[in-house]
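Working notes, beginning with the structure itself.
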Amino acid sequence: MTTFDAPAPVRRRLPAPRRRRAALALAVAATLFGTLGNAPAPTTRPTVAACPADLLGKATCYTGRDGDGAYYAMAVPTHWNGSLVVHAHGGPDLGDASDPARSTDDLGRWAVLVEEGYAWAGSSYRRGGYGTRMAAADTESVREQFVSEFGRPKRTYLHGQSWGGDVAAKVAETYGGQHGAYDGVLLTSGVLGGGSRGYDYRVDLRVVYQYYCHNHPRPTEPQYPLWQGLRADSTMTSAGLRARLQECTGFASAPAERTVLQQRNLDDILAVTRIPERALESHLRFATFTFRDIVANRLGGRNPFSDQGVRYSGSHDDKALNAGVERFSADPTARRDLSYDSDLTGKVSLPVLTLHAIDDPTAFVEHEAAYRATLQGAGRGGNLVQSFTTETEHSALSDAEYANSLAALDTWVRHGRRPTARSLAASCAAFDRKYATGCFYDPAFHPAPYASRIRPRPGGLAWPAMTAKQERAWSRIDGVGIAP
């Protein structure tokens, strides 16, 4: 649909069709980036604000807004150790504007890091919706705001949670080497497979669900290709989607209260997609509303997803499923743009420590295998230490483990003592005496390859790479990916 050719020299006028394509490319890019026609937001310095309950009397808290419109929150502990944690939150949340409550809520959620003596700064991002490079730019912005107000910390650590893991990893690759801005990276429950492949299992869920349920959309409603997630003008809500999921599968009912058809639909959907039953609704929401955001708002209606050639298995009738499921192929330019925005190169020069629950129902632990392969492919495998726990949650692991992880990263940075899975398991007990939330490390665990969890896409990696000219064209727009 679009190309990203560099502007032509003045002496040579492009043919009309190419001029139209080039103009359309820049217009679409500007829409995706959100950089043209938007007046700068007023920048506000950090002002003292109420602290979350867990930090009352322990820190001074601040809020403000940067020049791109992103609200932020900060905290400086009463007994500050001189170092800073810059937080990248997950999601992505959906909405047109920055949510001032997001960063203050995150500060409360991660109060354990402030209790450990670290200052904390987190951005709400300039708007909701997808955009890894946008979020990375806003994360770097809040660090700059902190330095401007409080001076340069002794050390600065990045922390990314969930999709924020992808954001923080992108920050490390994009800004990590600039003037020694960051010293180390902590990624917890990270979505580290990148957008171009990290959501393939949700693509599978979207089409498999519709094959069995026929109610998203219903036959009586306007039809649209399922890679859109949801048609752009739909007024469906999360509650409405939940009602359709319940209608088809009875997922919210006790097994004895489901009809035979509901139980079979549920069994088939879970078996084929390999998604845990307790997370089915949240994954379907993502494959509906976030897919719509990616396609309609960030990629100009282009399709970055594919299920062409995927072989589905595990149902009561695989032959019928594979014959009847909706098939589509990605637009190579959309795939390329999503990859540019959110895929990771592994070219990070900082120590990186990860923490992930083995039974994470949202960001499957195999994301860690994908990230390790990425760093190893870039020759940076020595910069990565991964740790795993027997917990079964995504959003909240043990505070003792979070404190232990940050302390181990700090020791690695300051003294060069690279932690191991066993040393992390051993050192956690000291923090659990303070927080009493438990230590659940499994030092022997190694995740299976990413492809063992996600159904492969034949030829799925064969999309066109950006040329050097195209890279420069994107950088001239402002270098923040598909979505500021």
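The values are calculated or read from the model by the stated rules, or taken from the named source; none is laboratory data. Note that this is a predicted model, so its numbers are computed, not measured. In this analysis, Cβ positions are derived from the backbone assuming ideal geometry, glycine residues included, and neighbour counts consider all displayed protein chains.
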Checklist outcome for this item: Selection over the stretch 384-406 where residues are over 18 Å from residue 88 (Cβ atoms) and in contact with a helix residue (DSSP H, G or I) (Cβ under 7 Å, 6 or more places away or on another chain) yields a count of 8
Checklist entry - Using beta carbons and a limit of 6 Å, which pairs, at least six apart or on different chains, have the first residue in the stretch 208-233 and over 17 Å from residue 303 (Cβ atoms) and the second one among the basic types (Lys, Arg)? => result 215/244; 216/244
Checklist entry - For the stretch 269-305, how many residues are surrounded by fewer than 22 Cβ atoms within 10 Å (Cβ to Cβ) and more than 16 Å from residue 227 (Cα to Cα)? => result 10
Checklist entry - Out of curiosity, is residue 295 closer than 17 Å to residue 328 by Cβ, among the aliphatic types (A, V, I, L, M) and part of a loop (DSSP other than H, G, I, E, B)? => result no
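Here is a yes/no grid of residues against (1) modelled with pLDDT of 95 or more; (2) within 28 Å of residue 211 (Cα to Cα); (3) surrounded by fewer than 24 Cβ atoms within 10 Å (Cβ to Cβ):
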position	(1), (2), (3)
317	yes, yes, yes
320	yes, yes, yes
323	yes, yes, yes
334	yes, yes, no
337	yes, no, no
340	yes, no, yes
Checklist outcome for this item: Screening 190, 198 for residues that are in contact (Cβ under 8 Å) with a residue 40 or more places away in the chain, crowded, with 24+ Cβ neighbours inside 10 Å and over 23 Å from residue 80 (Cβ atoms) leaves only 190
Checklist outcome for this item: Per the list (1) modelled with pLDDT under 95; (2) farther than 26 Å from residue 405 by Cβ, residue check on residue 130 breaks on (1)
Checklist outcome for this item: For helices (runs of 4 or more DSSP H) lying entirely in the stretch 73-172, having 2 or more residues that are in contact (Cβ under 8 Å) with a residue 60 or more places away in the chain and surrounded by fewer than 24 Cβ atoms within 10 Å (Cβ to Cβ) picks out 111-115, 132-150
Next on the checklist: I'd like to check something: does the stretch 337-353 contain any residue that is outside the structural domain of residue 297 (by TED's automatic domain parsing), touching a His at 6+ places or on another chain (Cβ under 9 Å) and of a type outside the set (S, T, N, Q)?
Outcome noted: no
Checklist entry - Looking at (1) under 26 Å from the mean Cα position of the chain (by Cα); (2) farther than 30 Å from residue 271 by Cβ; (3) in a helix (DSSP H, G or I); (4) modelled with pLDDT under 95, can you tell me which one residue 469 breaks? => result (1)
Checklist outcome for this item: residue 482 meets each of (1) modelled with pLDDT of 95 or more; (2) surrounded by 14 or more Cβ atoms within 10 Å (Cβ to Cβ) with one exception, condition (1)
Checklist outcome for this item: If you go through 391, 368, the only one that is within 14 Å of residue 353 (Cα to Cα), buried (at least 20 other Cβ atoms within 10 Å of the Cβ) and either without any contact (Cβ under 8 Å) to a residue 12 or more places away in the chain or not small (Gly, Ala, Ser) (or both) is 368
Next on the checklist: Of everything in the stretch 173-206, what is assigned to a helix (DSSP H, G or I) and not aliphatic (A, V, I, L, M)? Give them in sequence order.
Outcome noted: 173, 174, 175, 195, 196, 197, 198, 200, 201, 202, 204, 206
Item to check | Options 278, 302, 264, 231: the member that is within 29 Å of residue 131 (Cβ to Cβ), part of a helix (DSSP H, G or I) and either of a type in the set (D, E, K, R) or more than 24 Å from the chain's Cα centre (by Cα) (or both) | outcome: 278
Checklist entry - Taking residue 333, is it under 15 Å from residue 195 (Cα atoms), touching a Ser or Thr at 6+ places or on another chain (Cβ under 7 Å) and not assigned by TED's automatic domain parsing to the domain that holds residue 366? => result yes
Checklist outcome for this item: When (1) over 30 Å from residue 295 (Cβ atoms); (2) in contact with a helix residue (DSSP H, G or I) (Cβ under 6 Å, 6 or more places away or on another chain) are applied to residue 447, the one that fails is (1)
Checklist entry - Considering only helices (runs of 4 or more DSSP H) fully contained in the stretch 347-462, which possess at least 2 residues that are farther than 25 Å from residue 337 by Cα and within 24 Å of the chain's Cα centre (by Cα)? => result 399-415
